[in-house]
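What follows is calculated from the coordinates using simple rules that are stated; it is not laboratory data. Since this is a predicted model, take the numbers as computed values, not measurements. Cβ placement follows ideal geometry from the backbone for every residue including glycine, while neighbour counts extend to all protein chains displayed.
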Amino acid sequence: MSKLCINLPPFAPDYSGAASALFDLGGIIVIHDASGCTGNYTGFDEPRWFGADSKVFCSGIRYMDAILGLDDSFIEKIKKAAKSLNPNFIAVLGSPVPMVIGTDFEGIAKELETITGIPAIGIPTTGLNYYGKGICDATIKLMDKFIKDEEFIKEPNSINILGTTPLDFYINENDKDFKELFVKNGINVLSTYYMGLTIDDMKKSVSASLNVVVSQSGIGPAEYMKERFSIPYVVVTPLCDGSLAVKKVKKALLGKFEEYVPSTENANTIILGEQIISNSIREYLNKELGYGNIVVGTLFDFSKSQMAEGDIVIKNEFELRKILNSGKYEKVIADPMAKQIIKDKNVKFYGFPHVALSSKVHWNETKRLMNDEMKDFLISLKEG
């Protein structure tokens with residue numbers, strides 16, 4: 001019962017994250033479920049779905065399929081779709097029912113690849129983890145499939161941007177703003193994971209000098225690329241004029257990785273949401289606006305290495321309710337849906353929509369992070 005949601009909707013799960021990462025790559029994406037999970041992804045977690053031509057399918061698993069397995073009919077359906085659509089790859093994703101019956105997704109992928117000759121990957125998502133894990137798992141599976149172990153020539157002054165999905169940044173040009181920022185400052189961007197990514201971009205990305213992680217979903221892939229391809233990474237979300245991010249990235253390209261340690265003692269402000277974006281908002285408020293003593297409360301996946309002393313991992317709505325009504329915080333930055341949980345009318349609330357939380361209820365209000373409106377929002381928080 002610890003995950004029971006009363007006021008908040010369930011957060012975007014791992015299969016939505018995996019499907020989101022694969023969305024632009026020209027493959028067939030099949031979610032093995034009874035239709036609800038696929039509908040949840042396409043209808044509520046994927047702003048690009050409406051009007052898109054991406055190939056996302058549901059297996060339509062039924063009662064007898066779950067009891068008897070019947071993988072053969074599942075494979076036959078995918079085989080027919082692949083023959084008709086000629087995709088770049090086939091990805092088979094899981095959901096709670098296949099998890100319970102122990103579906104072998106890697107085995108299904110191998111059989112599909114043998115039958116069709118098309119590269120296939122199986123991702124055993126369960127619907128019980130958050131979207132960041134699905135993004136990470138999908139990225140690693142793709143790289144293992146398409147990138148061979150060989151020597152790569154590093155391209156000087158080049159980066160990849162990791163962690164740009166609509167689940168964190170919506171579809172209001174944030175990903176393009178990030179890329180344009182670095183290009184304008186003389187830094188070559190080889191690829192942007194995952195919006196607009198192609199298989200060729202992915203293959204080129206291993207030649208980058210540095211990975212720039214703009215959301216927590218990019219941490220796992222960055223760690224993987226660091227270990228396999230010796231690409232270091234820096235963690236920052238560009239905000240407002242982007243100058244803080246550019247300085248950090250340029251230093252990292254020279255091998256100088258600065259460590260920022262914020263003060264959270266006696267904090268009266270809390271930022272709730274995705275870890276890396278929240279950290280970057282705090283750093284901007286500290287360094288550019290002189291507003292300090294802010295705690296970050298992480299609602300989704302998190303990395304201990306990115307937590308400051310005093311930061312909080314919030315595991316469920318019950319914990320969130322206790323924190324927001326503790327009387328400790330005078331100001332709260334969070335998705336607008338969190339406002340209904342706050343009982344104290346003296347708390348000042350600053351809405352910061354997050355697609356992975358409130359979905360289409362507020363996704364049209366998602367902020368474009370690199371403009372004067374975002375700066376005005378942060379100034380209003382300082383002065384409010």
Once amide hydrogens are built 1.01 Å from N within the peptide plane, the residues lying 5 or more places from Val313 or on another chain with amide H under 5 Å from its amide H are Thr298
Please compute the net charge surrounding Val332, taking Lys and Arg as +1 and Asp and Glu as -1 over other residues with Cβ under 12 Å from its Cβ. +1
Over all Cα pairs of the range 158-253, how is the pair count split among 10 Å bins, expressed in % and running from 0 up to the last occupied bin? 18, 56, 25, 1
Sequence-separation-based contact order of the range 93-149, relative, with Cα cut under 8 Å and 6+ spacing, percent: 36 percent
Taking the square root of 5 times each eigenvalue of the Cα gyration tensor, what semi-axes in Å does the equivalent ellipsoid of the range 14-146 have, largest first? 19, 18, 15
Kirkwood Rh, Cα atoms: Rg over Rh of the range 215-340: 0.99
Between 0 and 90°, nearest 10: helix 174-184 axis offset from the chain longest Cα axis: 70 degrees
Mind scanning Lys328/Lys375; Lys80/Lys110; Lys184/Lys247; Lys203/Lys304; Lys83/Lys145; Lys141/Lys256 and naming the pairs with a C-alpha gap bigger than 22 Å? Lys328/Lys375; Lys203/Lys304; Lys141/Lys256
Be a star and scan the range 157-198 for residues whose amide nitrogen sits under 16 Å from the point 7 Å along the Cα-to-Cβ vector of Asp372. none
For the range 196-245, would you read off the P(r) tail past 15 Å as a percentage of all alpha carbon pairs? 52 percent
Nearest-ten-degree value, helix 105-116 long axis tilted from longest Cα axis of the chain: 50 degrees
Can you tell me the orientation of helix 243-253 relative to the chain, as the angle in degrees between its alpha-carbon axis and the longest Cα principal axis, to the nearest 10? 60 degrees
Sequence-separation-based contact order of the chain, relative, with Cα cut under 8 Å and 6+ spacing, percent: 17 percent
Would you give the gap between the C-alpha center of the range 1-53 and the C-alpha center of the range 177-254, rounded to a whole Å? 25 Å
Mind checking the range 220-315 for GluC sites (Glu not before Pro) that DSSP puts in a loop (not H, G, I, E or B) and that have at most 15 other Cβ atoms within 10 Å? Glu258, Glu259, Glu265, Glu309
Computed over the range 269-383, the relative contact order (Cα-Cα under 8 Å, seq sep at least six) in percent reads 23 percent
Per residue of the chain, what 222 nm ellipticity follows from adding -39500 (n - 2.57) for every DSSP H run with n ≥ 4, rounded to the nearest 500? -11000 deg cm²/dmol
Taking the range 269-383, the equivalent ellipsoid from its C-alpha gyration tensor has semi-axes in Å, biggest first, of 19, 17, 16
For q = 0.14, 0.15, 0.18, 0.32 Å⁻¹, Debye-computed log10 I/I(0) when each Cα of the range 101-143 counts as one equal scatterer: -0.36, -0.41, -0.57, -1.08
